[in-house]
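Just so it is clear, none of the values below were taken in a lab; they were calculated from the coordinates. Keep in mind it's a predicted model, so treat the numbers as computed, not measured. With ideal geometry, Cβ positions are generated from the backbone for all residues, glycine too; neighbour counts draw on all protein chains shown.
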Amino acid sequence: MNIENDFDIQVISTEFDRIAIELKLRWGSNQLEPYIISLLSDTREHTRTGFPQHICTSLNRMLLLHQKFYPEKRITSGSFEDSTYSDLQEFVTQL
């Protein structure tokens, strides 16, 4: 699946071009899911301001789309702290 013209990539690219480039490079690999999770996780002891809601929504949709088209590339809960993965999965299912 080519995501070059995907709506969510375009949305992300307008404000965060570097992230859009990384998403395109990692698309279809087992590196995409950990990358998106790292973007959505607070790993800097609350010093990040966070993304605008529409960017978070696009990142989550990209994660779900990737999981749909590349189920073999999904991470398991053991790949990250269980609570981090569980929190993300709960958040994604609420979209």
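Summary of computed values
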quantity	calculated
Ordering of 57-68, 9-20 by packing [mean C-beta count within 10 Å, highest first]	57-68, 9-20
Label point distance in nm, PHE7-SER29, each placed 7 Å from Cα along Cα→Cβ	2.8 nm
When the range 1-54 is reduced to its Cα atoms, the Kirkwood hydrodynamic radius in Å	12.1 Å
Computed E for HIS46/ARG18 - FRET, C-beta separation, R0 22 angstrom, nearest 0.05	0.45
